[in-house]
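Below is one structure, written out as structure tokens; the observations come after it.
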Amino acid sequence: MRLCRYFLYPTQPGVIEAMEVTLFIHAADDAFRILENAKAQAVGLLDTATRLTSETRWMEEKKLQTILKGAHETRSGIQSFVITFVMLMGFWALLSGKFDAFHLSLGVICSLIVAYLSHDLLFANVRVGDGRVIVRRFLAFIPWLLREIITSNFYVAYLALSPKMPIDPQIMRFKTKLESDISWVVLANSITLTPGTVTIDIADREFMVHALDRKTAAGLDTGEMEDRVAHIFMEADHIYIQDVLDVSRIFAELKRGM
Amino acid sequence: MNIPFDIILQLFVVICAVAAITVRDLLSAVMILGAYSFFMCLMWAQLGAVDVAFTEASVSAGIGTILLVAAVLKTTRRTKD
Amino acid sequence: MKTLSLIVSIIVGAFLMYGTIDMPAWGDPDSPASTHVSPYYITHTEVDTATPNMVTSVLADYRGYDTLGETTVIFTAGMACILLLRRRGGRNKDRG
Amino acid sequence: MIVEQAPVLIVVICLMSAVATPLIGWVKRELCYPWVILALLASTCCSVLVMNTVIHEGSIHYYLGSWLPPWGIEYVIDHLNAMMLVLITGTALLVAIYSKKSLEAELPDRTVYFYTLYLLQVTGFLGIVITGDVFNLYVFLEIASLAGYALIATGEEGAPLAAFRYLILGTVGACFYLLGVGYLYMVTGSLNLAELAEILPRLYGSKVILVAFAFFMVGLALKMALFPLHLWLPDAYTKAPSVASALIAPLMTKVAVYIMLRVMFTLFKPYFSIDLLPVTKILLYAGVIAICVGAIMALAQRNFKRMLCYIVIAEVGYMVGGVGVANTVAIRGAILHVMNDVVMTLGLFAVAGIIAYKMKSNELTAFDAIFKKMPFTMAAFLVVALSVIGVPPTCGFFSKWYLIQGSIMAGNWIFVGALLFSSLVNVILFFRIIEIGYYDFGASGAGDAHSHDERSVVSEAPLSMLIPTYVVAAAIILIGLYNQSIITTIIDFAVPKL
Amino acid sequence: MDFIIAKYNYWIYITLMMIGFYAMIAKTNLIKKIIGMNIFQTAIILFFVSISYKRGGATLPILTDADAHGGHVIDVAQYLNPLPHVLMLTAIVVSIATLGVALAIAIMMYRKYHTLEEDEILKAIK
Amino acid sequence: MIGKSDDIIIKTIARIFVPFLQLYALYVIMHGHYSPGGGFQGGVILGASMALLLITHGYDELKRRLPEGVLLLLGSLGVLIYAGIGLLCLILGGNYLDYSQLSVILGVDAAHARSLGILGVELGVGFTVMAIMYSIFFDISTGGILPEDQRREGRVEGER
Amino acid sequence: MTYLLVGLAIICILGGLFFFATATIGLLRFPDFFTRLHATGKGDTLAVFLCLIGLALYEGFSLTALKIIFIAVFMFLAQPTATHAISRAGIRRGLKPWVKGEERR
Amino acid sequence: MNIFFVAVGMGLCALVFLVLYRAIFGPGVFNRIAAISAVGTKTLIILLIIGYVYNRVDMFIDISMVYALLNFIGCIAAAKYLEMER
């Protein structure tokens, strides 16, 4: 959502920008202190970083909520309409491949109709977060996922072709700490695609997963994938090591800028 | 297009048709009919009838199968033959 | 009943097979079906209707009346379903 | 301009008003009835106009989309088409006027969609009759059939099953027809009726043509309920709502007979259908058996409407047999009988509808003392019954006369015998009803004084139902009186040159 | 041999048609009949589409860019026959419409008699 | 039968797909001239997208978007557009469905007038097919009982 | 360059074919419904993806290739979802997952 | 290259034949749905391959896309209806 705000209203949200910068500067000092300490205290690093990130996240969240409370209506109405329209127009251009005025105007009309009919579908209860960060992190997530998928396919191939077929199916359940539905979907589909596991059901934040053998079930239990998904959508007060790296990179940028 | 391709598809179509009318469970029969339509669509694409294949794909996969499934589940799956 | 219908369908099939003897070979470009009417459509579709897809131009223009009938068939089916299945005539009951 | 464009307006007015009917019903339900009547009135005017043009200037060709025939679709209207058009629009108009009360009694909450399908059905019939393109005919045949299935399925207990069987057999029939079109297209490359008729004589030796002809015939026999394939008809027409059966029973079988005439004598040359193949022999015997079976089964029925259905089967036997005799006089009789049969069947089913509306039943027991209760209805019924039997001043006599004359000329005594036998059976049938209706048997009910009083009170049908019935009765007598001029102005041009 | 090779497509359509026809007549279950009807209609569509085919490298009935704007004479044998395709589009539409109506009638019957077997319904009516 | 699905995954994925599906259907209708497709196919896809919305998001959501009267209107309007274009040609002085007469009001040459006429006709077909396919699907999957009627009667069968 | 692309395309398509094959064998050999879903859900996704990428590479850079890639992305989203929907329906309808030692169904 | 595509298509057809076994004999409806969705994905590729053989892929791509979309919808609908069957 913020992504589009940046694109569409590059000059307007100066207030937010200013507040962010102060916040970042504030946090930057903290972080550098922590990073220096971390050299000495390798064990304490994760704990402190956790606290830090959750704190910043909490603050950011609070700030965003206060800012966006008033703007909520217009956001869900016109802005999501415009974004939907732009996306659909791009899709039309991809499909059509004819760029004369007549076909483009047809595309505009069709996109308008569809956007009017379903602007609240595409962005219904998408959690507010930094769009750019989400997209970047999601793209970074894909290679890992692809590797996992290829592994899983070789695993399936091995199972299917091995004469004894060493499987021992299990059903396991775990509670998730993710919050928004889009992150649930990503998690569930990733679980389905990765070795030896298929998501069967989600009810009351409880995932029900069918695993091909004990080992894969145990592998899921460590929660690595969940952490990665949480990282993408900047959710849950759980820290993953990449988050720290991310934050430090931002701070480095800021430092250089000053 | 080429004869072996054609003959394989026709074999599929006939197998599916026979299976669809002999299976003793209506829902399964409807599912197999869906597969039958898939092969029909392929066959038409293969004979060069693109528009017919398009229509068959949209009708059979999109509406026909859903209608039949909905109707079977609205009524009953039991059948005597 | 089953044997009877089997016999009937086999008779129909045999009759149709009898008909195939005199048919032009399959896929023959010189068969009457491909040389009598359809060449006009192929050569004139761009000139007459500015539409490269001849199926569309024949469907909606040369034989547009057929398509009107086809649309009416769909409409008929929809109205038939509503007539047969809707127990209360939608909102008509409340208004009429 | 109206005169030039009248052929297409007949169909298009019907179609567009059918499509607009649900919208009008959405606004206000009571508007549907006048709307339907208005549309059919306009359509009838156009068809009379077309008829007039045809009589004075010969057959009309109308090119849809201005594309010339082999490439586009054309309308060809000659005398036979024009006659069928007037008959269909007229029947539809009468039944529409008739429908109000009956529909309110039988389907009170579904009138809007019923009228929509009603108009669509009429559109289908008109489209079949008017077109000069074999595939276009199939499309409109399907419109008429689909609307017909739905209309029949709304009837009383058991109607859905009857409609379902009709659907299955009707689909087989239509598909056979389509298969025939495919075979013809394969060897000729054309879909236009007139052009096919020119190309086909060169190919008469081909087996493909033979198979195509056979499939046309079987498909149409299914649609017109010729004897061995008639099993769907009695249930379907008995259980349909009375308005639906009053529309479908007169028209559906006759439209199929019309298509058969077209296929046999326009699409194929008469010498192919008559001399090269034993088709007419088969048709003759099928007709004879249909007449006998229809008559005997009609005798066995206890339900008035069901009895009428078997009479319809027998009447189909008349027409098919008349075509099977295959000489000019008999075919003239068959075509005249198409016209008469539309009118007579309409009258019979209209009376059945009135009785169902008043008595809530169509069993023969409901006819007790009906002459006292509904004298006007029964007077009309008497005229129709005399016509079905074939008593001289009415129209039924003349068509039978031509049929008998033709078959005597051809030496087909078996057909003459069947016709006479069926007339005899009809006499028995109708006199039985008249007997039940005239005398008060008191078979049903407790037979005490109270019910006796109730029975002798005159409770006549509403005027909106009575007037169309009387128009039909008048038409029967008028056609009978003016049959000579009808034959010389219309039917003689419609009879193929043998 | 030549006879079989030249016409095998027609033989397949006849087989399919027999299967569908048999199902329509012999089966007592209504949905089975509807399935048979669908197969029957598809067989006829297959027949028509087979008519339109031309051997010898004919391509789809859509003009290529060169032919559409080149202005040179279009070689008819290069394109498949479009007319049967058009007719079959209509036939597919008709088949789906018939399917809808048939299913509606079947559901109507099930609602009343709680069975889909034709003989049981007949018994219930009697 | 057409109650809301309580599966968050299917709901979300359907929500994301439906706008693209609808746009794709419109593309199929509009580009019938150059590639396979046309009014009927596009209409079926539109109907299928609405059916997807119906089975995942429930009847109320759909009714909010397209009330039943609008649907009926679209169904009739499609055929009326088709027949109306034909009638317009007739009024302009040609035969029925002779689109080249439209060149008078559109201001292009006859061939392009025919092309545009085809486009209008395809749109009409698409509307009708969309509305009717959806309506048939709805009737068959609910047995024709509107959920609001059901609720009024106090029965909640099918709202699982 | 073109040879490289074509070679890459062929490798991709053959890889897709291989995964299709294993998925099919899995579908036939695995003991019960849920385990079979493992085979189709994973195998088909990757196989379709590989095949489509291969075809797009063969096509070269054009709008058609973009469309093919769009289909690939779409399949990536749709295939796991469909697998999930089917398996969920199975568990809700009371299908018991196979455990080790049972007979295969 | 054409030969290669035809060979791939034949291979896919052979696989479809194997899947068809599950679709026809597979115990229960669920196995059949799974098999038919698998048939759908293979069909998608075969369609595109036919397009390459005809050398007109841009015409076949639309069919392929509609196939993918509607196969998905059919799958979801069947699953959903099965879930709430009485």
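The values are calculated or read from the model by the stated rules, or taken from the named source; none is laboratory data. Please read these numbers as outputs of a predicted model, since none were measured by experiment. Please note: Cβ atoms are built from the backbone with ideal geometry, for glycine as well, and neighbour counts cover all protein chains shown. Side chains included, ligands, DNA and RNA excluded: accessible areas come from the protein's heavy atoms. Shrake-Rupley method; radii C 1.70, N 1.55, O 1.52, S 1.80 Å.
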Inset, instruction - Just need a number here: residues in the stretch H:3-16 that are more than 10 Å from chain B (Cβ to nearest Cβ) and either farther than 18 Å from residue G:23 by Cβ or outside any helix (DSSP H, G or I) (or both). - result: 4
Inset, instruction - Could you check, for the stretch D:46-64, whether at least one of its residues is of a type in the set (Gly, Ala, Ser), assigned to a helix (DSSP H, G or I) and either at pLDDT below 90 or open to solvent by 10 Å² or more (accessible area, probe 1.4 Å) (or both)? - result: no
Legend entry - So residue F:135, is it among the polar types (S, T, N, Q) and more than 8 Å from chain C (Cβ to nearest Cβ): no
Inset, instruction - With the condition kept exactly as written, say whether any residue in the stretch G:77-92 is of a type in the set (A, V, I, L, M, F, W, C), without any contact (Cβ under 8 Å) to a residue 40 or more places away in the chain and open to solvent by 40 Å² or more (accessible area, probe 1.4 Å). - result: yes
Inset, instruction - Go through the residues of the stretch G:41-57 one by one and say whether even a single one is modelled with pLDDT of 90 or more, in a helix (DSSP H, G or I) and within 20 Å of residue B:31 (Cβ to Cβ). - result: no
Legend entry - Meets criteria (part of a loop (DSSP other than H, G, I, E, B), without any contact (Cβ under 8 Å) to a residue 24 or more places away in the chain and under 23 Å from the mean Cα position of the chain (by Cα)) for residue C:51: yes
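With respect to residue G:33, determine if the residue is of a type in the set (A, V, I, L, M, F, W, C), touching a Phe, Trp or Tyr at 6+ places or on another chain (Cβ under 8 Å) and closer than 25 Å to residue H:6 by Cβ.
Criteria not met by residue G:33.
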Inset, instruction - Scan the stretch D:83-100 for residues that are buried (at least 23 other Cβ atoms within 10 Å of the Cβ) and not aliphatic (A, V, I, L, M) and report the count. - result: 4
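Among the residues in the stretch D:27-44, are any assigned to a strand (DSSP E or B), in contact (Cβ under 8 Å) with a residue 12 or more places away in the chain and open to solvent by less than 40 Å² (accessible area, probe 1.4 Å)?
Scanning the stretch D:27-44 turns up no residue that is assigned to a strand (DSSP E or B), in contact (Cβ under 8 Å) with a residue 12 or more places away in the chain and open to solvent by less than 40 Å² (accessible area, probe 1.4 Å).
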Legend entry - Top-ranked residue of the stretch F:83-112 - restricted to ones that are at the interface with chain C (Cβ under 9 Å from one of its Cβ atoms) and touching a Phe, Trp or Tyr at 6+ places or on another chain (Cβ under 7 Å), ranked as nearest to residue F:70 (Cα to Cα): F:86
Inset, instruction - Considering only the stretch A:187-196, state which residues are at pLDDT 85 or above and β-branched (Val, Ile, Thr). - result: A:191, A:192
Inset, instruction - For residue D:226, state whether it is open to solvent by 10 Å² or more (accessible area, probe 1.4 Å), more than 14 Å from residue D:321 (Cα to Cα) and out of contact with any Pro (no Cβ under 8 Å at 6 or more places or on another chain). - result: no
Inset, instruction - Can you give me the number of residues within the stretch G:14-44 that are closer than 17 Å to residue H:10 by Cα, surrounded by 24 or more Cβ atoms within 10 Å (Cβ to Cβ) and more than 8 Å from chain A (Cβ to nearest Cβ)? - result: 3
Inset, instruction - For residues that are among the polar types (S, T, N, Q) and open to solvent by 10 Å² or more (accessible area, probe 1.4 Å), scanning just the stretch G:45-76, find the one that is nearest to the other protein chains (Cβ to nearest Cβ). - result: G:64
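Are any residues in the stretch A:177-209 β-branched (Val, Ile, Thr) and farther than 21 Å from residue F:14 by Cβ, and if so, which ones?
Initial filter on the stretch A:177-209 (β-branched (Val, Ile, Thr)): A:182, A:185-186, A:191-192, A:194, A:197-200, A:202, A:209.
Residues satisfying the conditions are A:194, A:197, A:209.
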Inset, instruction - Can you give me the ranges of the helices (runs of 4 or more DSSP H) entirely in the stretch F:1-115 with at least 1 residues that are modelled with pLDDT of 90 or more and farther than 29 Å from residue G:86 by Cβ? - result: F:8-30, F:39-65, F:68-91
Legend entry - Yes/no for residue A:165 being within 10 Å of another protein chain (Cβ to nearest Cβ), part of a strand (DSSP E or B), open to solvent by 10 Å² or more (accessible area, probe 1.4 Å) and not basic (Lys, Arg): no
Inset, instruction - Mind listing whichever residues of the stretch H:17-71 are facing chain B (nearest Cβ under 7 Å), open to solvent by 10 Å² or more (accessible area, probe 1.4 Å) and within 11 Å of the chain's Cα centre (by Cα)? - result: H:36, H:71
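Here is a yes/no grid of residues against (1) surrounded by fewer than 23 Cβ atoms within 10 Å (Cβ to Cβ); (2) of a type in the set (S, T, N, Q); (3) more than 7 Å from chain C (Cβ to nearest Cβ); (4) part of a helix (DSSP H, G or I):
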residue: E:15; (1), (2), (3), (4): yes, yes, yes, yes
residue: E:20; (1), (2), (3), (4): no, no, yes, yes
residue: E:23; (1), (2), (3), (4): no, no, yes, yes
residue: E:32; (1), (2), (3), (4): no, no, yes, yes
residue: E:36; (1), (2), (3), (4): no, no, yes, yes
residue: E:39; (1), (2), (3), (4): no, no, yes, yes
residue: E:45; (1), (2), (3), (4): no, no, yes, yes
residue: E:51; (1), (2), (3), (4): no, no, no, yes
residue: E:56; (1), (2), (3), (4): yes, no, no, no
Legend entry - Residue, surrounded by the most Cβ atoms within 10 Å (Cβ to Cβ), within the stretch F:20-45, restricted to residues that are away from chain B (no Cβ under 12 Å) and under 14 Å from residue H:73 (Cα atoms): F:22
Inset, instruction - Please verify whether the stretch A:197-205 includes one or more residues that are within 30 Å of residue G:101 (Cβ to Cβ) and assigned to a helix (DSSP H, G or I). - result: no
Legend entry - the stretch D:1-21, residues that are of a type outside the set (A, V, I, L, M), over 24 Å from the mean Cα position of the chain (by Cα) and surrounded by fewer than 24 Cβ atoms within 10 Å (Cβ to Cβ): D:4, D:5
Inset, instruction - Among the residues of the stretch E:1-13, count how many are facing chain C (nearest Cβ under 9 Å) and touching a residue at least 24 places away in the same chain (Cβ under 8 Å). - result: 3
Legend entry - Residue satisfying all of: in the stretch A:121-140; within 9 Å of chain F (Cβ to nearest Cβ) and part of a helix (DSSP H, G or I); modelled with the lowest pLDDT among these: A:122
Inset, instruction - Give me the pairs, please: first residue somewhere in the stretch F:51-70 and within 19 Å of residue B:69 (Cβ to Cβ), second residue anywhere and open to solvent by less than 10 Å² (accessible area, probe 1.4 Å) and not in a helix (DSSP H, G or I), beta-carbon distance under 7 Å, and either six or more positions apart or on two chains. - result: F:54/F:2; F:55/F:2; F:58/F:2; F:58/F:3; F:59/F:2
Legend entry - Any pair with Cβ under 6 angstrom, 6 or more apart, that starts in the stretch D:254-271 at a residue that is surrounded by fewer than 23 Cβ atoms within 10 Å (Cβ to Cβ) and ends at one that is at pLDDT 90 or above and aromatic (Phe, Trp, Tyr): D:263/D:216
